[in-house]
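For reference, the structure is listed below as structure tokens.
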Amino acid sequence: MPGNPLPDAEQLLKALIEQMRPTVGPETGLIGIHTGGVWVAERLHQALKLKTPAAALDVSYYRDDYEARGLRRDVKRSEIPFEVDGRDLILVDDVLHTGRTIRAALNELFDYGRPASVKLATLVDRGGRELPIAAQFVGARVDVDARQSIDLERGAGGRLAFVLSARET
Amino acid sequence: MWLNPANPQLDKKGQLHHLLTLEGLPADILWQILDTAKTFVSTRVKKVPLLRGKSVFNVFFEPSTRTRTTFEIAAKRLSADVINLNVSVSSQSKGESLLDTVDNLSAMHADMFVVRHGESGAPHFIARHVAPDIHVINAGDGRHSHPTQGLLDMYTIRHYKKDFSSLRVAIVGDVLHSRVARSQIHAFTTLGCPEIRVIGPKTLLPAHVEQLGVHVYHDMRQGLKDVDVVTMLRLQNERMQGALLPSAQEFYKYYGLTQDKLALAKPDAIVLHPGPMNRGVEIDSSVADGKQSVILPQVTFGIAIRMAVMSIMAGNK
Amino acid sequence: MKIHIKGGRLIDPRSGVDAKKDVYIAAGRIVSIGDAPSGYTANRVIDATGLVVCPGLVDLAARLREPGFEYLATLESEMEAAIAGGITSLACPPDTDPPLDEPGLVEMLKHRAQNLNQARVYPVGALTQSLKGERLTEMAELVDAGCVAFSQADAPFADSLIFYHALQYAATFGFPVWLRPQDPALARHGVAHDGPVATRCGLQGVPVCAETVALSTMLILARETGARVHFARISSAEGVELVRRAKRDGLPVTCDIAIHHAHLTEMDIGYFDSNCRLDPPLRSQRDRDALRAGLADGTVDAACSDHTPVDDDGKHLPFAEAEPGATGLELLLPLTLKWAEESGTGLSAALARITSQPARVLDVDAGHLTPGHAADVCIFDAERPWRVTPDSLKSQGKNTPYIGHEVKGKVRHTLVDGQIVYETR
């Protein structure tokens, strides 16, 4: 909801599940982007009862800000437990902003093989795109002040919630 | 010590700028390297674009095919351009000074030098003289340090043993001449290993080695009791010529790792060797090829460790 | 020229004088201390208020690098450095190229030095031809040419029998023999003290026993032959103790240390600083403390600079490949003062180690201020700090662990034979 600073992540997740339900099938590959996207993908995978196991992607080695900011401290291993070639994939992230993370994810994905199609599902789209990237499944469009960062946190019992903080320059 | 300057390996923000020795590196940098290396081990995607457009110069003043090859593979898997220079053969023999060689190479817009040299302290010397944005990785200097080997050994041990804080480890053989031994000792100490043993004859142990924080054993059977990790060091032929040892046979009898000596260690103890091995001198073939040996995995992990070091350093400004 | 040094604190260790006394110089000699001679009118008055006036320093080891190593330093530059350091008499070791084993070479060196009219140079002749340790040199001829003692510098003997005969021959004439106690085999390839620093750094060590084994042999042979022996550059606690015991047993031996070793230890090597690559190596803290104690109690007779200019090509190398040695002529005084201050040794006693004592070892008329004798004087500001930089050093050797650091003690005037050879503001 525009103007509301802290959307309810659990509500948005429900909305996303219903948006995606008609599209997914037994061969659909769900790929969460570390770290928030992986949490969302796990919940989606569970709720949509998908057959193909969920995958996780860490895009640290494909980011375009390596020169400026160096390597992140907590790089995780990417795990894609299925064949990418010829498959319909859905990338899952928690927040869609400039689109650079998705660009990196696409580059990494294509090093694994040639998918039939790639869609994007995101819990929150905060606008501010710097690349021509769009999500097919969006929990909600939210306006966030440019000086702020909106991040997903996972609390007790796996409950997802958004927090706002000052943005790292 | 009033002449002590700042740690030359770290930049002003305390990040890794050069990797010259494991001594004096904070634990969190070591953990970062080990954790980052994990992401490179057995991934389906062999090549990532992290170092694309960067040049890595392998500057080897001492020949080594295996180490140079692993650094080359590591750099290429990061999409870097790799240039191999066997300086031992070309310019040094023409009398070009080390400094001139380094200056010439710097002028070729290298981003990173991987240096192996026969003299202890040579990479430190090179790091002092290169332009501030060039990174230097020590691939082995004299008997001083082989930091990437130490790191890959730690990675290997963590892979099989998980936790350093309860390990009893032993390093056996020619510790005096071994840069691997020194690097391992520093790493074990920083990562919290409670008991580090060195085992060897007096002629092959350095003066005051206990001051590095190790327990000294001259009796291998005593030293191996209940040990979790055994590192066997390579014994070079020159040691017999320099009156440090009478023969390889006698060394093998008292300090070679055989099945029955290994049996004194814990039943799930692992055996490491930095390679190349002298089968029948410091280690029995049956042990080297046995189920407790992790010598081959060490090699695989070596590539991931070197990728981790390069990718962390190249991003630090 | 009549020079009146006025208002300074006169310290003459040999006579024990430490008081405000003026010095009156004429015709190259000291004519009076304290009161002006009758009818004396000075041509020049040096205002030494707030300064120390002491005998010109006597340095037992300064490598002038001539003949043969002129690319490292020349007689001109190093003699400038000497007087800038307040040194008016210095001994140079025979390891030039060619070594000082021929009377002609010695005469030429003395001649060149004399013409510069700066410090007095006392060459130490080679004990064996070409320093090869095999055949004796014509020691008597060399003494006639101007040598004050004989040594092998850092070169070994071919075997102990030749060493024995060399000492016997020197003893025949009463010629002093200066020996560097280092067993070449035990020190082979060693570049640092065989201790924890060498172990950490992976450097080949020189064990203390390399010094003590040689020292023990030399002491026995000295006693056997009756040779007058001086031990050059003791570096270890055990070494000092061996000399102490020998002196207690009545053996007429003397010894010196390099002033850098009174301050620095193996720890100062740090991250392979080749300015700390010295021969003998910088040893442990315990060794350094014993050297300091020896200097204080007289077991160590003198401190010298062990001046060894090495250029960048020789030092800008990995530690083990770098040439050993440090520049020292201009640091002998400040480092001696530093030792005095830190150890609580009085200024007079400290200055004795670089004036009257080394003069005794050399057996020359120097290192004291006495009416009727040559006016070799050093006038310095004990408190004045200065930064050791390539520009502030007159020597061509800029190689010192102290480069970039501040030291205290600046020479203001140096006089040799009653002439002002150096002065600065």
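No value in this document is a laboratory result; all are computed from the given coordinates. Everything numeric here is computed off the predicted structure, so don't read it as measured data. Glycine also receives a Cβ, built like all others from the backbone with ideal geometry; neighbour counts cover every protein chain displayed.
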Cross-link pairs C:Lys21/C:Lys410; B:Lys76/C:Lys315; B:Lys162/B:Lys253 - those with Cα-Cα distance over 29 Å: B:Lys76/C:Lys315; B:Lys162/B:Lys253
Could you state the angle between the C-alpha long axis of helix B:65-77 and the longest principal axis of the C-alpha atoms of chain B, as a value from 0 to 90 degrees rounded to the nearest 10? 50
With a Förster radius of 30 Å, plug the Cβ-Cβ distance of C:Asp313 and C:Glu134 into 1/(1 + (r/R0)^6) and report the FRET value to the nearest 0.05. 0.45
Find the Rg to Rh ratio for segment B:147-295, where Rh is the Kirkwood radius over alpha-carbon pairs and Rg uses the same atoms. 0.92
Are there chymotrypsin sites (Phe, Trp or Tyr not before Pro) in segment C:1-104 that DSSP puts in a loop and that have at most 11 other Cβ atoms within 10 Å, and which ones? C:Tyr71
Which of the helices in chain A, when you take each full DSSP H run, stretch at least 24 Å along the axis at their Cα atoms and have an average Kyte-Doolittle score of 1.0 or higher? none
What distance in nm separates the two pseudo spin-label positions at C:Asp289 and B:Lys317, each 7 Å out from Cα along the beta-carbon direction? 5.0
Counting only DSSP loop positions in segment C:106-177, the GluC sites (Glu not before Pro) whose Cβ has at most 13 other Cβ atoms within 10 Å are C:Glu134
Spin-label model distance (nm) - A:Ala156 vs C:Arg223, 7 Å beyond Cα toward Cβ: 8.6
Once fully extended, how much extra length lies between B:Arg52 and B:Ala243, figured as 0.36 nm per residue of separation less the alpha-carbon to alpha-carbon distance? 63.7 nm
Among beta bridges assigned by DSSP with both residues in the protein assembly as shown, the antiparallel ones amount in percent, to the nearest 5, to 30
log10 I(q)/I(0), Debye, Cα-only the protein assembly as shown, no solvent, q = 0.05, 0.06 Å⁻¹? -0.42, -0.57
Kirkwood hydrodynamic radius (C-alpha pairs) into Stokes-Einstein, segment A:9-144, 25 °C and 0.890 mPa s, D in µm²/s: 164
Test of the criteria: in segment B:66-154, which chymotrypsin sites (Phe, Trp or Tyr not before Pro) are in a DSSP loop and have at most 12 other Cβ atoms within 10 angstrom of their Cβ? none
Taking a label point 7 Å from the Cα of C:Asp97 along Cα-to-Cβ, the residues of segment C:72-87 whose backbone nitrogen sits under 11 Å from it are C:72
Among bridges DSSP assigns within chain A, what percent are antiparallel (round to 5)? 30
For C:Ala149, the residues 5 or more places away or on another chain with a placed amide H closer than 5 Å to its own amide H are C:Gly125
Of the candidates B:Tyr254, B:Leu167, B:Thr300, the farthest towards the positive dipole end of chain B (Lys/Arg Cβ +1, Asp/Glu Cβ -1, centred on the Cα centre) is B:Thr300
Per DSSP loop assignment and a cutoff of at most 15 other beta carbons within 10 Å, chain A keeps its longest run without exposed GluC sites (Glu not before Pro) at A:28-82
Using the basic label-point model (7 angstrom from Cα toward the beta carbon), what is the A:Ala15 to C:Arg188 distance in nanometres? 8.4
The value for chain C (convex hull of the alpha-carbon atoms, volume per residue, Å³) is 127
Give me the angle, in degrees from 0 to 90, between the Cα long axis of helix B:179-190 and the longest principal axis of the Cα atoms of chain B, rounded to the nearest 10. 90
Proximal charge balance of C:His165 [Cβ under 12 Å; K/R count +1, D/E count -1]: -2
Over all Cα pairs of segment C:286-360, the Kirkwood radius sets Rh, and Rg/Rh then becomes 1.07
Exceeding 25 Å between C-alpha atoms, which entries from my cross-link table qualify? They are A:Lys51/B:Lys38; B:Lys38/B:Lys317; B:Lys13/B:Lys54; C:Lys247/C:Lys408. A:Lys51/B:Lys38; C:Lys247/C:Lys408
Please give the FRET efficiency for C:Lys408 paired with C:Tyr40, using the beta carbon to beta carbon distance and R0 = 30 Å, rounded to the nearest 0.05. 0.30
Quick check: Cα centre of segment B:159-187 to Cα centre of segment C:271-335, how many Å? 35
Determine the distance separating the Cα centre of segment C:31-110 from the Cα centre of segment B:6-83; give it in Å without decimals. 56
Along each of the three principal axes of the Cα atoms of segment C:161-212, give the extent in whole Å, ordering the values from largest to smallest. 49, 18, 13
For segment C:270-425, the spread of Cα positions along each principal axis, largest first, Å: 53, 34, 29
Quick check for you: which residues of segment C:359-384 have the amide N under 17 Å from the point 7 Å beyond the Cα of C:Ala19 toward its beta carbon? C:369-371
